[in-house]
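Colleague: Sending over a structure as structure tokens; questions will come in a sec.
The values are calculated or read from the model by the stated rules, or taken from the named source; none is laboratory data. All of these numbers come straight from a predicted model, not from anything done at the bench. Cβ coordinates were reconstructed from backbone atoms using ideal geometry, including for glycine residues, and neighbour counts include every protein chain displayed.
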Amino acid sequence: MNKMTVRDIDVTGKKVLVRVDYNVPMDKAGKITDDSRIRASLPTIKYLIEHKAAVILLSHMGRPKGKVNNDMRMAPAAERLSQILGEKVGTTADCIGPEVEKAVKGLKPGDVLMLENLRFHNEEEAGDAGFAGALAKLGEVYVNDAFGTSHRAHASISGIARYLPAVAGFLLEKEINTLGGLLEKPEHPFTALFGGAKVSDKVAVLKNIMGKVDCLLIGGGMAATFLKEKKYEVGKSLVETESLGVAADLMQEAAKKNVRLILPVDAVVADTLDEKAEGTVVTIDAVPGDKMILDIGPKTTVLFSKELEKSKMVFWNGPMGVEEIPQFAQGTETLAKLLPKLKAKTIVGGGSTGEVIDKLGLADKVTFVSTGGGASLEFLGGDILPGVAALKDKVK
Ligand code: 3PG
Ligand code: MG
């Protein structure tokens, strides 16, 4: 990465603003169900504490759309961080203003303070310069460790970097180096496994990765659009009509570049998408007109497994079926459990894919799980993320 990091700047005795992405999934009772993003921010926070900086954490939670929402306060995340860190983490009732300034003034070296949800202010998502300035006023150095939000040109992501020396945290650095490595120096054979509901979410990354991979495995809801383009009956499966042309282009491109693009050969189908629906396995040329594809079938799982076993590098993004419903989660879970057994570097995109890995207890058994969902897709799609662009360049 050609950006400066916390290592390249003097933080001792300084008040350091750290943008983290603690937008973590929570259950209905407000309990955090996956704290990967919090744990992933520890190296930066610990480094700053060790170097006697006062740490001021900035984050958003959910999409409160400019209004205070009690279900989206930062307190549960601050509490979880405090448990993991074994140190008190203070909180504030807002993220800007006199009260916050007072709290910040009272911080001593090594203290950690978490400000309230940035998105309680409309100005955050609007990238408002005044709001960015009000945040910047709270510290002397800005560190971006919120990879998962770095595709957003928000006030706390790119705006604030105009007012303070701005550098990357260790998580951001690791994300950029690891995901960037997939594009810049992939080991071969390199296989990418894609799933999830929509082709349209992944067009850029599919196009960009096409020139790098040896094999492209496509499952999940998005496979239906490819199958439809190949004139298979896909029944009631969701087909993105507007993406049929893209699917055709991708298949053509794959053929031209000698990339083996492999689609499901069988599927689990059912009448409806619900917990009580019963799944039946059919070959891919026998999907009944009144049913929908809800998972890859066992033959496809074996076929995909064989490709993964031959690989030296694997990237996975998107479930193969409907992960929330056990009878449609087999394909995803079988392939997820295979990842640690491969003789390959295994890199997993964030979002729902990361949650599956976490739920199955595999997070420490794969090479890397990105903390970014949308951010990792945009980065792998070839975009320069606003949150990265805003940071200081490394001096040669
Ligand atoms: C995410 O989880 O995708 C990030 O935290 C960014 O949130 P957003 O998609 O609501 O901007
Ligand atoms: Mg998102």
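Colleague: What strands (runs of 3 or more DSSP E), lying completely within the range 249-328, carry at least 3 residues that are under 21 Å from Lys231 (Cα atoms)?
Modeller: Once the strands (runs of 3 or more DSSP E) in the range 249-328 are filtered for at least 3 residues that are under 21 Å from Lys231 (Cα atoms), what remains is 260-262, 266-270, 280-283, 292-296.
Colleague: Just name the residue that is surrounded by the most Cβ atoms within 10 Å (Cβ to Cβ) out of those in the range 309-342 that are acidic (Asp, Glu) and within 18 Å of Gly196 (Cα to Cα).
Modeller: Glu323
Colleague: Could you check the range 379-390 and list, in sequence order, the residues that are within 16 Å of ligand 2 (Cβ to nearest atom) and within 20 Å of Ile160 (Cβ to Cβ)?
Modeller: Those that are within 16 Å of ligand 2 (Cβ to nearest atom) and within 20 Å of Ile160 (Cβ to Cβ): Leu385, Pro386, Gly387.
Colleague: Which strands (runs of 3 or more DSSP E) sit wholly inside the range 100-209 and have at least 1 residues that are aliphatic (A, V, I, L, M) and either within 16 Å of ligand 2 (Cβ to nearest atom) or farther than 30 Å from Thr353 by Cα (or both)?
Modeller: Here the list reads 112-114, 141-144, 166-168.
Colleague: Report, by residue number, each residue of the range 211-232 that is among the hydroxyl-bearing types (Ser, Thr, Tyr) and more than 24 Å from the chain's Cα centre (by Cα).
Modeller: Tyr232
Colleague: Here's a follow-up. Taking the range 35-88 as the region of interest, how many residues are part of a loop (DSSP other than H, G, I, E, B) and surrounded by 17 or more Cβ atoms within 10 Å (Cβ to Cβ)?
Modeller: So the count comes out to 10.
Colleague: When only residues in the range 126-160 that are touching a residue at least 60 places away in the same chain (Cβ under 8 Å) and of a type in the set (D, E, K, R) count, which is farthest from Lys67 (Cα to Cα)?
Modeller: Looking at the filtered set, the residue picked out is Glu140.
Colleague: Let me ask you something else. Which condition breaks for Leu172 when tested against (1) within 16 Å of ligand 1 (Cβ to nearest atom); (2) touching a Ser or Thr at 6+ places or on another chain (Cβ under 6 Å)?
Modeller: Unmet condition: (2).
Colleague: Moving on to the next point. Condition check: surrounded by 14 or more Cβ atoms within 10 Å (Cβ to Cβ), under 23 Å from Ala136 (Cα atoms), more than 16 Å from ligand 1 (Cβ to nearest atom) and touching a residue at least 24 places away in the same chain (Cβ under 8 Å). Does Lys14 satisfy that?
Modeller: Against the criterion (surrounded by 14 or more Cβ atoms within 10 Å (Cβ to Cβ), under 23 Å from Ala136 (Cα atoms), more than 16 Å from ligand 1 (Cβ to nearest atom) and touching a residue at least 24 places away in the same chain (Cβ under 8 Å)), Lys14 qualifies.
Colleague: A further question on this structure: Please work out which residue is nearest to Gly159 (Cα to Cα), limiting yourself to the range 10-34 and to residues that are among the β-branched types (Val, Ile, Thr), in a loop (DSSP other than H, G, I, E, B) and at pLDDT 95 or above.
Modeller: For the range 10-34, the residue satisfying everything is Val20.
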